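S.K.: First, the structure itself, so that you have it in front of you.
The values are calculated or read from the model by the stated rules, or taken from the named source; none is laboratory data. None of these values were measured; they are calculated from a predicted model. When we count neighbours, we look across all protein chains shown, and the Cβ atoms used for this are built from the backbone with ideal geometry, even at glycine. For accessibility, only protein heavy atoms count, side chains too; no ligands or nucleic acids. Shrake-Rupley method; radii C 1.70, N 1.55, O 1.52, S 1.80 Å.
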Amino acid sequence: RVISKEYIDKQLKAGIISQAKVNQEFYNDFDAAVEGAVFTHEIEKSIQEGRIKDFAIADVPVSMFMDIGINAKTGCTSIFFVQFLPDESVRFVDYMEDSDQPAVYYVNKIKQWMHDNSCTWGKCYLPHDSMQRDKIECNTYAKRYVELGMEVEVIPRIEKKSYAIEFTRQKFRNYYIHKTKCSRAIQALREYNWDTMGKTHWANHACDAFLAVGQYLNLEKRKPKFSPIMRQSPLARGSAF
């Protein structure tokens with residue numbers, strides 16, 4: 001109460017301080033987006049509209065959107081579990097990340113998740129650099145995931161990261177993010193900043209996996225130019241356990 005609401009409103013009106021900073025510093029709102037983050041506006045609006053909340057998994061296939069990290073120092077492998085609903089809403093139902101593990105480890109994690117949640121399989125969407133060779137298993141990441149029973153589609157390289165961000169912003173109004181299961185990813189989105197983009201930062205891999213969803217939705221509009229699919233039924237080869 002040392003600082004009055006009138007004083008705060010005056011600072012806001014003058015443009016001296018942002019609403020995000022006010023929420024954090026004066027109202028102790030630890031859910032507020034970090035000032036200067038790329039998706040500050042989108043996160044705040046999603047919270048206001050009730051699109052960041054806990055919800056049940058719908059009875060539609062679950063796809064995985066991944067960004068591949070090598071180790072904890074350079075960045076974790078990040079995985080979003082995503083559902084595309086008939087009403088065009090997109091549900092981020094869960095998120096996981098880990099590091100210093102081979103492809104078979106992540107495939108086993110995905111299969112266990114699918115089993116535990118009794119979900120129908122969708123595709124596994126990998127980034128363009130998944131066509132590079134995995135130093136641990138001496139194969140490309142994409143081919144290794146196919147060998148392990150995943151139906152893989154590679155998201156092609158985008159010319160500029162700003163394009164992927166714009167695609168994501170356009171679709172954000174349709175995004176629903178599970179507040180509890182995706183809490184780590186939500187924090188990454190809050191901290192995703194222009195200054196740390198392209199550098200070693202813990203939030204980058206999670207956010208790149210998140211951006212891949214917007215890229216995919218944009219590519220879907222431009223078919224048949226979409227990249228070819230590396231098909232392999234997740235059930236054709238049985239479990240990777």
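S.K.: Being farther than 16 Å from residue 99 by Cβ and either at pLDDT 85 or above or outside any helix (DSSP H, G or I) (or both) is the filter here, so list the residues in region 128-144 that pass it.
M.R.: 128, 132, 133, 138, 139, 140, 142, 143, 144
S.K.: Looking only at residues that are in a helix (DSSP H, G or I) and not acidic (Asp, Glu) in region 145-154, which one is surrounded by the fewest Cβ atoms within 10 Å (Cβ to Cβ)?
M.R.: Only one residue fits best here, namely 146.
S.K.: Continuing with this model, one more query. Testing residue 162 on (1) among the small types (Gly, Ala, Ser); (2) without any contact (Cβ under 8 Å) to a residue 12 or more places away in the chain; (3) within 16 Å of residue 80 (Cβ to Cβ), one condition comes back false. Which one is that?
M.R.: Evaluating residue 162 over (1) among the small types (Gly, Ala, Ser); (2) without any contact (Cβ under 8 Å) to a residue 12 or more places away in the chain; (3) within 16 Å of residue 80 (Cβ to Cβ) leaves (3) as the failure.
S.K.: Turning to a different aspect of this structure: Look at region 62-108 and say how many of its residues are farther than 16 Å from residue 184 by Cα, β-branched (Val, Ile, Thr) and either open to solvent by less than 40 Å² (accessible area, probe 1.4 Å) or outside any loop (DSSP other than H, G, I, E, B) (or both).
M.R.: 5
S.K.: Quick check on region 155-178: of everything there that is assigned to a loop (DSSP other than H, G, I, E, B) and buried (at least 16 other Cβ atoms within 10 Å of the Cβ), which residue is modelled with the lowest pLDDT?
M.R.: Within region 155-178, the match that is modelled with the lowest pLDDT is 158.
S.K.: Out of the residues in region 188-225 that are under 17 Å from residue 154 (Cα atoms) and among the charged types (D, E, K, R), which is modelled with the lowest pLDDT?
M.R.: For region 188-225, the residue satisfying everything is 225.
S.K.: When you check residue 79 against the structure, is it of a type in the set (A, V, I, L, M, F, W, C), under 25 Å from residue 146 (Cα atoms) and in contact with a Phe, Trp or Tyr (Cβ under 8 Å, 6 or more places away or on another chain), yes or no?
M.R.: The answer is yes for residue 79.
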